[in-house]
Amino acid sequence: MLFLAALIGVNFTATDTVIMGKQKLAERQQAAELFINSTLTKEQVGAIVKVSAVQIGKWAKEDNWKLQRTAKQATAEQIITNYYMLIAEAQKTAIEEKRQLTSAEMDKLHKMADSIDKLKKKMNIGNYYMVLEEFTKELMQIDISASKVLAPYMMDFLNKKVKQLQNVA
């Protein structure tokens, strides 16, 4: 969980731990793990961690949990699979109706095929996130202060990549 704290710029020092309290810090870390690595709502995470949904919402906003959740869940492979399923469904419908695909359907299929090609060629945000996560975990074992210094730059990098990738697809 220290990775998330370092990556999002939440630098928990010994003083922070005393001020926040070890229990509160543990709750925040557990809530972040649950929210980022699942599809649970803020209310559901709050119920599990025994913290109000309002507090979960504050933490999620402060630490940008939605970006991290998206990075972990929206992989290129999942998007490509969805495109292939849509293409297959359109073709199946045309065959069942014993007709050719319309020009509008062909245009949509062509756009999906282009998107698939772009996704295959570009690294997605999930890949960036996983690499940065692995790097940060390794760096924290070597030099925790360096990981704290780099954390804001990593978040800036991820945010730039999100914007770039949104313009690609």
Tell me the residue from M140, M106, M112 that is surrounded by fewer than 15 Cβ atoms within 10 Å (Cβ to Cβ) and assigned to a helix (DSSP H, G or I), please. M106
E89 passes all but one of the listed conditions (1) assigned to a helix (DSSP H, G or I); (2) surrounded by 12 or more Cβ atoms within 10 Å (Cβ to Cβ); the exception is number (2)
The number of residues in the stretch 32-41 that are crowded, with 16+ Cβ neighbours inside 10 Å and more than 13 Å from N64 (Cα to Cα) is 2
Output for the stretch 74-107, where each listed residue is within 30 Å of K161 (Cβ to Cβ) and touching a residue at least 12 places away in the same chain (Cβ under 8 Å): A74, T75, A76, I79, I80, Y83, Y84, L86, I87
Matching residues, the stretch 44-59, being outside any helix (DSSP H, G or I) and surrounded by fewer than 16 Cβ atoms within 10 Å (Cβ to Cβ): K50, S52
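The numbers here are math on the coordinates, done by the rules we state, and not lab data. Since we're looking at a predicted model, the values are computed, not measured. Positions of Cβ are generated from backbone atoms using ideal geometry, with glycine treated the same way; all protein chains shown enter the neighbour counts.
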